[in-house]
Each structure stands twice: as structure tokens, then as C-alpha cells.
Amino acid sequence: MAHAEATLYQGRQVIITPLPQTDASLVQKATDVWSALGSQVLKMTPENHDAAFAAVSHLPHLLAFAFFQSVAQQPAGRDFLSLAGPGFRDFTRIAASDPSVWRDILLANKTEVLQQSQRFRQALDALEQLMQNGDAAGLTEKIRAAADGRAQWQMGAPRTPR
């Protein structure tokens, strides 16, 4: 109790994943509790939840683990790491996460994480192909699209209706 924070959930997103057989009155009660704490309550199917978090949380962790290891395990990896700056630090921060927690998350949601990994590989392959071809204009366009999308993205922005 000494470290309790009354505003912990204010302005935060909370996702409720009711099943078809879930009593609607219980879903409403849960929604009311979270709303009373100041949360923005979202309802999703468990499948959409797993797909979304595979894309925006689980895959980034997997990539950070793999990327850090790909650098550190090279013969000159220690030297490379000594040259790393803020970009490397920011990209790999989540690689310092608890291994047992992330092992369990990745295995529990492996189907969705593997699907997102395939999408990532396709995007990476496309960029590599542009580099292989020396296609500066194509590479610029792909980078610009990502840069523009990232510049417009805001954490916690409302979801677009489907």
C-alpha cells in the first residue's frame, strides 16, 4: 500500500476480451470499474488481442533479442558494442527483459508472433532487394513511407474502426 498510486490507470488503455458466452452484465461491470479508474476501455476478441500484441509488443521483443545477439555474437561484437550509441540503446532496450516471462509469452502466442515475423521478413526482404538493385528512388520511397507513418503515429491514439 505504501507504493500505491491512485492515478495508475488514468488515461490508460485497458482491453477486455469477452467470449461469446460471457454474460454481458459482467462485461459491463468490468467496463464500469476500469472506467471509474480513468481507463479507456477497449473490447476485442481474444484472437484480435493476440494478433495486435504479436505485432506491437511480442515481435519487437523477439527482434530486439535476435538483433542484440546478432551483433554481440560476432567475432568483433564486443568492439561493435563499444561503438553503439543512442539508436542501438533505444532499439535494444527491451532485449534486457525477463527471459522466462518472454519465453512464456512468445510460446503462448507463437502462431500470431510467427505470422508477424513473416510479415516483417517480407518488409525486410523488400528493402534488401531495393538495396541489392541499387534502387535509390525505391529505397527512398520505402524509407519515406516509414518515416511519415512513424511521424504521424501517436501512442494511445484511438483505433480506426474496422
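The values are calculated or read from the model by the stated rules, or taken from the named source; none is laboratory data. Since the structure is predicted, the reported quantities are computational estimates derived from the model, not experimental observations. Note: ideal-geometry Cβ built from the backbone for every residue, glycine included; neighbour counts use all protein chains shown. What goes into the accessible areas is simple: the full protein's heavy atoms, side chains included, and nothing from ligands, DNA or RNA. Shrake-Rupley method; radii C 1.70, N 1.55, O 1.52, S 1.80 Å.
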Please give the number of the condition VAL27 fails out of (1) part of a helix (DSSP H, G or I); (2) in contact with a Ser or Thr (Cβ under 8 Å, 6 or more places away or on another chain); (3) not charged (D, E, K, R). (2)
Which one of these is closer than 30 Å to LEU114 by Cα and hydroxyl-bearing (Ser, Thr, Tyr): THR31, THR17, THR7? THR17
Every residue from the stretch 124-162 that is open to solvent by 80 Å² or more (accessible area, probe 1.4 Å), farther than 30 Å from SER39 by Cβ and either among the aliphatic types (A, V, I, L, M) or at pLDDT below 95 (or both): MET131, ILE143
Are any residues in the stretch 89-119 touching a residue at least 12 places away in the same chain (Cβ under 8 Å), within 27 Å of ARG78 (Cα to Cα) and open to solvent by less than 100 Å² (accessible area, probe 1.4 Å), and if so, which ones? THR92, ILE94, ALA95, SER97, TRP102
Please name all residue pairs, on different chains or six or more residues apart, with Cβ atoms under 9 Å, provided the first residue is in the stretch 23-42 and is of a type in the set (D, E, K, R) and the second residue is part of a strand (DSSP E or B). ASP32/VAL41
Which one is most open to solvent (accessible area, probe 1.4 Å) among residues in the stretch 2-38 that are over 21 Å from GLY156 (Cα atoms) and small (Gly, Ala, Ser)? ALA2
